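Working notes, structure below.
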Amino acid sequence: MKNNGQLSLNLSGGSRSRAPPPVDQGPISELYFAILPDAESAARSHELAGNFHRQYRFFAKPRRADLLHVTLYTIGSFRCLPEETAFAAMEAASRVRKPSCPVVFDRAVSFGNGDNRPLVLWNKNGNAELKAIYQELVDAMRLTGIAPTKEKPVEPHMTLLYQGRIVPDIMLEEPVSWTAKDFVLINSLQGESIHQHLCYWTLRD
């Protein structure tokens, strides 16, 4: 387990002398485990997003390269992130014993339901290893007592932009791929485009 130097868990991210914003006005934290692309894959994915943005005239701008990720397991959303929840998630993650694995996306698709669909990178038949990591996290989170009563099945993908429209599946000339060597616990501050990387865990070779 590696942390980013912030743990204490000063999750407010500000000075201790500064009064925090009122509870009902602070940003909502979304806490989840994720796989991050390497720098080359992040840059290429961001370039693809820009190309698709222009080609299909999407209204929303592509996500920044440093915000790209593949969600493994969503823990929940909180107005004020409880430290005990973050520490319980860290304890659960330490139980994962899966090895490093390839991540491969061979197409861009309109994801989800409804008219306002994000454009994501996806692999219809691949990334079984990521699903196996997800299942280990499910089992470990159940032991913490804070897991949701019903976990949603995971479909590994990487969001390029939100507020998209429905477009035909776009097969990539060359898949976006990298080797996942670790995973991270992210505290995402909604509406602020801030991802706090709280802790990393190495996938075993």
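Details
- Failed item in (1) of a type outside the set (D, E, K, R); (2) at positive phi; (3) not in a strand (DSSP E or B), with Gln163 passing the rest: (3)
- Taking the criterion of being among the basic types (Lys, Arg) and either in contact (Cβ under 8 Å) with a residue 60 or more places away in the chain or open to solvent by less than 50 Å² (accessible area, probe 1.4 Å) (or both), the residues of region 88-145 that qualify are Arg97, Lys98, Arg107.
- Meets criteria (in contact (Cβ under 8 Å) with a residue 24 or more places away in the chain and in contact with a Leu (Cβ under 7 Å, 6 or more places away or on another chain)) for His197: no
- If only residues of region 167-205 that are in a loop (DSSP other than H, G, I, E, B) and of a type in the set (A, V, I, L, M) are counted, the one that is modelled with the highest pLDDT is Leu203.
- Residues that are part of a strand (DSSP E or B), open to solvent by 40 Å² or more (accessible area, probe 1.4 Å) and either among the small types (Gly, Ala, Ser) or more than 21 Å from Glu155 (Cβ to Cβ) (or both), drawn from region 72-87: Ser77, Phe78
- Residues that are among the polar types (S, T, N, Q) and surrounded by fewer than 17 Cβ atoms within 10 Å (Cβ to Cβ), drawn from region 158-176: Gln163
- Qualifying residue in region 59-71 (condition: open to solvent by less than 20 Å² (accessible area, probe 1.4 Å), at negative phi, at pLDDT below 95 and in contact with a Leu (Cβ under 6 Å, 6 or more places away or on another chain)): yes
- Here Val104 does not fit the description of being in a helix (DSSP H, G or I), within 24 Å of Thr179 (Cβ to Cβ) and either at pLDDT below 95 or out of contact with any Leu (no Cβ under 7 Å at 6 or more places or on another chain) (or both).
The values are calculated or read from the model by the stated rules, or taken from the named source; none is laboratory data. Note that this is a predicted model, so its numbers are computed, not measured. Cβ atoms come from the backbone with ideal geometry, glycine included; neighbour counts cover every protein chain shown. Note: areas computed on protein heavy atoms with side chains; ligands, DNA, RNA excluded. Shrake-Rupley method; radii C 1.70, N 1.55, O 1.52, S 1.80 Å.
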